[in-house]
Each structure stands twice: as C-alpha cells, then as structure tokens.
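Accompanying notes for the structure given below.
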Amino acid sequence: MRLSWKFGIALLSALCLAAAAFAEDAPRRTTEVEEYVVTGTRTRHTLEDVPVETRVITREDIDRSPSKNILDILNTVPGINTTLLDDVIGSDNLRATMRGLQFNEGYGLILIDGQRAHGELGAHGDYGISLNQIPLSMVERIEIVKGAASALYGSDALAGVINIITRRVPDEFTTHAGAGYSRYEVTDRQGVSANSSSRDAYRASAGLGGPLLAASGYYLHYSYEQDEGVAVDPATTYRHSVLGRWQTAISDALRLDLGANFGLARRELDLPVANYDREYDTYRFSGALNYQFGEHRDHELTLSGYTYWQDFINGYPGFQHGFRDGTIGYDQAELLYNWYTNWNILTVGASTQRQHMDYFSINYQRDGGSSKVTVDENITTNSIFVQDELMLFDHRLTLVPGFRLEDHSTFGTEFNPKFSAMLKAAPSTTIRGSVGRGFKSPTIRQLYYDGLLRHGSHYVRSNPDLNPEIAWTYSLNLEQSFLDNRLTANLGYFFNDVNDMVVRQSTGEFAVDGLPIESYVNVEKAQIQGIELSARLTLNDSFFVNAGFNYMDSENKDTGKDLPYVPEYSVSLAPTYIFQPWDVGTTVIFSYVGKQYRNTANTQEVGEHGIIDTRIWKNFSELLRVSLDAKNITNSDRGDGDFSHRMGRSIGLNLELQF
C-alpha cells in the first residue's frame, strides 16, 4: 500500500476539523507526571501533553532493568529492533533499526543532551554511529521520538531521534556509588564452541554534586566498564567515562550551563603487531546561556554551542579490513527563541554546524602490498527553523506546523516541512498524527574517500555524485486510558516512503590484487509500514505490567525483498512486583522476535527466538541497594547460531550506595 503526501495532509486536516464537534467546556485531562520532555518539539511539555509521539525511559526504569547498556534497554520499545545485539560494551550496532531503518547508517539521529555524536564502541567502521555512547550510570532519562524530525534537527533525523539525557545538577548535596560483576556464557556458532565460553564483566561508578556558593551547582560522575566480548576468542574491552556539569543563576532571569564529557575506550589484542584494534578518545564541551524575560517570563532566549571530537583507531597493521587513524567531530552554535502563551508556543531558531573529518586508511592487499586513502573534509550546514504550536478549544486540539530551511555545503538547500496534530477527544483519549519530510545525507564512506578502501574480500569506492535520501513519513497514534487511568494503551500506525536509498553494488571491476570493486548508487526505493502497540497496567503501588507488540512490513521496491534486520513482529512483556513490607522487588522481561534476514538478498535468515531476563533488588535502607540479574535464562542463540557467537546466559550482582 502506498500513501501520498496529499492523503496524509487530508487525514490530519480531518482530524483537526473533528475538534469542532466537542463542547468548549469539556474537562481537561490532568497528569501526575512532573518531568518535562523536550526532544519532540524543542519546548517544555509533560509527557501526556507533548503533541508528537514520544517515549521516555526514566532513571527508575533503568534502575529496575537488568540491562547494562543503552542498546539493551531499548529492546522493549516497539519499533526499535536491538534483539540481535549483545549486552556488552562493544556490541556491533550494525543490526539496530528504528522502524526498519538502521542507526549505524545514519537513519536515526543519536543525541547526547541534544547534541550530535559520532562513532564510539559498537559503531561499524569509521562511518558508523553507535547507540552505546555513554554508560547507563550517567543517564538520567532517554527520550525517543519516532518519525522524521528533520524539520527540527536537520539531516540524519529521517527515522527518528534518540536523545540521551545525562544526570543533572542535584538540588541537594548528593553522593552515590555503584559496582557490579557478572559472569556470562558465549553460545556456539554452527556447533563450534568459543574459546573460554564463560567470561567476566565488571562495572563501577561514582558521582557527587549539589549546590555551591549562593546560586551555583555542580555534578561530577566517573564510570568504568569492562568485559571480554563475544568473539571466538575473548578480547578485553574497557571504557573510562567522566562527566562534569556546572550551573549558575547569574540573575533571576539569566542562567549559565556548562558541560564536559570525556571517554577513553579500548579493545585489547594479544598480537605482536598491536595492543588494541579499537581505540576511541572522545571529548565533548558545551555551554548555554538561557534568558527569560517578559511580564510572566513567557519569552525565552537560549544561546548554545558545543564542540565534540573523537580521536580513533580502527584495526591494526596488516588487518584485512584496513587500519584507520584520525579524527572526526562536530562544532555547532545555535540561537533558539521560544514564546509561551496560554494558547500558543512559537519557536524560531538558527544554527550553524560544521562536521570535520581528517583521517587515513591503509589497505593491505592479498599480494602483500598496501595502499593509502584519506578523508579530509569539512561539511558546513546553516539552518533556520520555525515551529508554531497552536492550542485550541481549551487545549483539546494542538496544531504544530513547522519547517526547516537547511543549506548543506555538499547538497545545497533542503526544505523540510512537518505538520503534527494532537486531539484530546475525551478525558481518557488522545489522538496524535504527523506527516513530514525527512532528509539524510550519505555517509562518509559512501561519499568522501579519495581512493579504493579494502573491506575484507572486496574493495569499496566512494561516489561523490550521490544524491541525499528523501523520505515522507506518516503516523497516526491513539492513546487510551481505562480503569481510572490504571490501564493505558497506545496504538499506532506508521508509513515510511524512502526515495533514492543508497546501496552498494558491484561495478564489474577488479583491483590490482584481483579482488572485486563495489561502489554506491542511488537506485532503491523502500517502503516500510507497521503497527505498534504498547500498554501499561498498574494494579496498585506494588504491581504493574508493561507490554509491547510491533508488526512491520518492509520492502525494497526495486527487488521486492524485505529490508535486513527488520523482524515481521516482536512482542515483549515486563511485569514488576514490589513487596513493600520487605522493600524487595523484581522485574521479569519476556521478549519474542519473529524471523528476519541478515542480508538484502534475503538468503541468510535469523530465526525467531525468545529471551527471558530478570532483576531482583532489595533496599536495605535509603543508603544501600543490592540487585541480582539473570539474563537470557534459556541460553538462546537469538536465532543467529549459524553465523555468530552470541552472549548467552549470564548472572550478575550489583551494589549501589547513595548518601
């Protein structure tokens, strides 16, 4: 089924006009949620009042989950597929998708506190983008916005946005520390056991912060992670992470926020030619001035900027996939204005961003020779964006038109409009819909290399004549509560129509050592549609259940094949029970995933499979918390045993202290 953009606009217009059927004095829905979300509209909203579809993973969710990294904790979000990823630091992100499109290829935008990030452990190659940017111990919450977000965020926000929000400056002086150890198994590959099939993982963290002087505050956090991976031979991977934040109220109206983050990650090797095959040194510095003015502080002006860069080494001398060494990063400055009234929120912004790349790759040929290719590029993007949130009929109808005009130094000017609407049809019923244009630039490897790049058994040639990928996305979502808000269900439909998808194909040529040459072309068109259902049942303060279901139909329109790593369906069920007299709780996560394919030709299949994870915790006082994790209890190979060793059954112990 193919939908046109005209049909999407008509559908949303009909939804908006339906508001006229409701009386002006209909009751307004109340909320107990006090935390604001900001990613979907760049303005402050409670979760139930945000006019675009948004999912939040809170700090409490993280504390109750047995997950050790961000990849794994996203596993139960309908529309996000991370089930083929392992809960280790360096798990390969190649297989992670949002609504059928791969994060590693840049279809989903990854932000840290609203700022773009690149690379990190788990990214596949120099061009990839990892979800596992920082340790979970540093995360305050994760905001997930599905659907094209190019109107607010620009290129590479085609499938949606995941904003990883770090811990904030606490209102009172606080210190906390945590430590964890787990032992995990590695499953067989084609019946062959991995060397040292039982392996160890360690985690430790500490943080402190609070007010300082008359009107300032700070927060500092350190984390260490280590495990031995899931390859046939154990390889120690570790990461040190440091986070710092400073906040000052210069006056009642003016506030200064500063942030810094440093990460050092390594994967060790036992080879005479190298000590490591992955090295990442990551630096991030940010600052923002926020000024609120007007009679009711309803005008807000924010000037912000950040610089981010990553020094990396991938591979080692002689490695058949190449040895890469260099730097990649972003610099951005932005001016954002918000005007809040009782019935309208106007957002106007302008930004300038530079992505810089400077590195080389050495290819090692089969005949013993070598060659070198380089990347030395600066990509500048200047943008203006406008959004208006119009709230009508006593806030029961919200209309959100918006657009972004973006000038890309490689592709010129792009115009990305988006229109969203939210209708509170009844006190317990909310309908959200959106239609928008998404824009995605090709990756570094697809566009910018100045020569052939060896990739295992073939070479890859960049294509500087590629066009950006364009998509129109449509979504409609119904949120309904029952039983006096004890049961909340969310049912949604989405449709993505992607044009000029970039694919790699054979050129028919061969390199000097006889290996074939492949290159990138704009040839494919993809359509992806699906149904997403999530629900939460709260019986009382001691027992609640989260459930999710996702059905997805993806098709490469040129070949008629399914897109890789897009399961037809997935199901999750996560009951939580807390025995209040003893302050003991447990969460059990059941997940089941249908068949999917590993490749575009659909000749390599990943079988359907189920996983059971659980965490049991005990609070001995307000100061001490102990938890026990058991993951992949059935030791499933995740349907992937013919191709990969996978993380099997594991058990772990965690201690957390807070003062």
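A few notes on this one:
- G329 being under 26 Å from the mean Cα position of the chain (by Cα) and touching a residue at least 60 places away in the same chain (Cβ under 8 Å): yes
- Scanning segment 496-516 for residues that are of a type outside the set (S, T, Y), under 30 Å from Q365 (Cα atoms) and either surrounded by fewer than 16 Cβ atoms within 10 Å (Cβ to Cβ) or within 21 Å of the chain's Cα centre (by Cα) (or both) turns up Q505, G508, E509, F510, V512, D513, G514, P516.
- Total residues in segment 426-441, condition in contact with a strand residue (DSSP E or B) (Cβ under 6 Å, 6 or more places away or on another chain) and closer than 22 Å to W343 by Cα: 7
- Residues of segment 478-523 that turn out to be among the small types (G, A, S) and in a loop (DSSP other than H, G, I, E, B), as a count: 2
- Residue count for segment 517-543, restricted to those that are of a type in the set (F, W, Y) and surrounded by fewer than 18 Cβ atoms within 10 Å (Cβ to Cβ): 1
A quick yes/no check of all residues on (1) charged (D, E, K, R); (2) crowded, with 20+ Cβ neighbours inside 10 Å; (3) in contact with a strand residue (DSSP E or B) (Cβ under 7 Å, 6 or more places away or on another chain); (4) in contact (Cβ under 8 Å) with a residue 60 or more places away in the chain:
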site	(1), (2), (3), (4)
P581	no, no, no, no
V584	no, no, yes, no
V588	no, no, yes, no
D613	yes, yes, yes, yes
G648	no, yes, yes, yes
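- Lone qualifier among T398, T429 - being polar (S, T, N, Q), touching a residue at least 24 places away in the same chain (Cβ under 8 Å) and either surrounded by 22 or more Cβ atoms within 10 Å (Cβ to Cβ) or more than 30 Å from A489 (Cβ to Cβ) (or both): T398
- Candidates Y493, Y474 - the one that is crowded, with 20+ Cβ neighbours inside 10 Å and hydroxyl-bearing (S, T, Y): Y474
- Flag if R366 is assigned to a loop (DSSP other than H, G, I, E, B) and more than 24 Å from Y459 (Cα to Cα): no
- The residue pairs whose first member lies in segment 489-513 and is among the aromatic types (F, W, Y), whose second member is part of a strand (DSSP E or B) and surrounded by 15 or more Cβ atoms within 10 Å (Cβ to Cβ), and whose beta carbons are closer than 6 Å, counting only pairs six or more residues apart or on different chains, are Y493/L476; Y493/I531; F494/S475; F494/G530; F495/Y474; F495/Q529.
- Counting only strands (runs of 3 or more DSSP E) that fall entirely inside segment 142-244 and contain at least 1 residues that are surrounded by fewer than 16 Cβ atoms within 10 Å (Cβ to Cβ) and among the small types (G, A, S), the qualifying elements are 174-186, 198-212, 216-227.
- Some residue of segment 585-607 being more than 21 Å from T97 (Cβ to Cβ) and more than 24 Å from the chain's Cα centre (by Cα): yes
Bear in mind these aren't lab numbers, they're just calculated from the coordinates by the rules spelled out. Since the model is a prediction, treat every value here as computed from it, not as a measurement. Heads up, the Cβs are rebuilt from the backbone with ideal geometry, glycines too, and the neighbour counts pull from every protein chain shown.
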